[in-house]
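Below: one structure, written as structure tokens.
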Amino acid sequence: MSEVSMSQQTREIVETKRPLSQHWVGDGFPVRTLFSYDRGAADTSPFLLFDYAGPHLFEPARGQRGVGQHPHRGFETVTIVYDGEVAHKDSTGQGGVIGPGDVQWMTAAGGIIHEEFHSPAFAKTGGPFRMVQLWVNLPAKVKMSAPGYQGITEGDIPVVTLPDNAGTARIIAGQFGAAKGPARTATPINLWDVRLTAGADATFDLPEGHTAMIAVLAGHVTIGGQGFGEAEIARFTRTGGAVRVKADGDAVLLVMTGEPIAEPVVGYGPFVMNTQQEIRQAVDDFNSGKFGQIARA
Ligand code: MN
């Protein structure tokens, strides 16, 4: 037995999160919200919101389903596509289509307007659709910085083979052994797309002091004697080292850790700032056109 597989679960589970609500975002994204900062932001910081869209089977369509232009300020939206294709366009002039394995890391910061639709090709054929959108907070000092966009394609993301044929981990952000994720983050964050094979017993060493959560997107796992199924999240203590996950069947997990941002969180719809005054300013700035616009060809 390897040293890794002999490590013990040392980090306690402090909370199990289950879907808070099920709703459609526009007509393209049937979403289960697994956590949201409006129910208490400190515990999940720097992560603000977790929407799991799908799995859902879309019929072929003439138009494009999705959500038309809308603003964001004060944080980042991270979109991970598992099935289907998402087309994005924003007021900084960035855009593109992301498909299975691709990740869009959009920094709204001081203000962005974007639209999120199914790609024209996917709309036409229809098919299975599944994605995650995670909102990641920004520290106050960069909330009003220039917006940005990182289009991260499948080939950019290193794949780590887990010991004992337990499965694989794609390192989107942060570090796993020698592998380093391509995403540039404002604060220290790990985001790993983990696939476990049935019967796997995997141990993940998570950084001390980080908020630490594991979302089950498909399958069923046992952690610290507790079972977790689809659309459930285990949230752990911020100290204590490793987490040991046993896969009861093939499983797809999203491992998230991040250094908490110890600042007040005041949000209103698509704006997440530190004070009410900053929220009023965001609404005023949006209403007076200061977020720019999406260029049309
Ligand atoms: Mn959006």
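Values computed for the structure shown
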| read-out | value |
| --- | --- |
| Exposed-site-free run, longest, the chain (rule: trypsin sites (Lys or Arg not before Pro); DSSP loop; at most 15 other C-beta within 10 Å) | 63-183 |
| The range 73-185: C-alpha gyration tensor shape, a/c 1.5 cut-off, then a/b vs b/c | oblate |
| Accessible-area composition of the range 1-145, carbon plus sulfur, in percent [1.4 Å probe] | 52 percent |
| Candidates per chymotrypsin sites (Phe, Trp or Tyr not before Pro) in the range 218-297, loop by DSSP, up to 11 other Cβ within 10 Å | none |
| Whole-number accessible area per residue in Å² for the chain, which is evaluated in the context of all protein chains at 1.4 Å | 42 Å² |
| Dipole magnitude of the range 37-124 about its Cα centre (Cβ charges: Lys, Arg +1; Asp, Glu -1), debye to nearest 20 | 240 debye |
| Global form of the range 50-96, assessed from the alpha-carbon gyration tensor, a/c cut-off 1.5 | oblate |
| Between 0 and 90°, nearest 10: helix 276-287 axis offset from the chain longest Cα axis | 50 degrees |
| In order through the range 50-66: 3J(HN,Hα) via Karplus (6.51 cos²θ - 1.76 cosθ + 1.60), integer Hz, x for Gly, Pro | 10, 10, 10, 9, x, x, 8, 9, 9, 6, x, 9, 7, x, 9, 7, x |
| Neighbourhood net charge (13 Å Cβ-Cβ; Lys/Arg +1, Asp/Glu -1) for Val25 | -2 |
| Positive minus negative residues near Thr257 (Lys, Arg vs Asp, Glu; Cβ under 13 Å) | 0 |
| Accessible-area value, Asp164, 1.4 Å probe, nucleic acids and ligands omitted, Å² | 100 Å² |
| In sequence order, calculated HN-Hα J values of the range 170-186 (Karplus, 6.51, -1.76, 1.60; Hz; x Gly/Pro) | 9, 8, 6, 9, x, 9, 9, x, 8, 7, 10, x, x, 5, 8, 10, 6 |
| Net charge dipole size for the chain [Lys, Arg +1 and Asp, Glu -1 on Cβ; Debye, nearest 20] | 480 debye |
| Test item: Cα-centred dipole of the range 55-210, Lys/Arg +1 and Asp/Glu -1 on Cβ, debye | 500 debye |
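The values are calculated or read from the model by the stated rules, or taken from the named source; none is laboratory data. As the structure is a computational prediction, the values presented were derived from the model and not from experiment. Neighbour counts run over all protein chains shown; Cβ positions are idealised from the backbone, glycine included. For the accessible areas, the whole protein counts, side chains as well, though only heavy atoms, and no ligand, DNA or RNA atoms are used. Shrake-Rupley method; radii C 1.70, N 1.55, O 1.52, S 1.80 Å.
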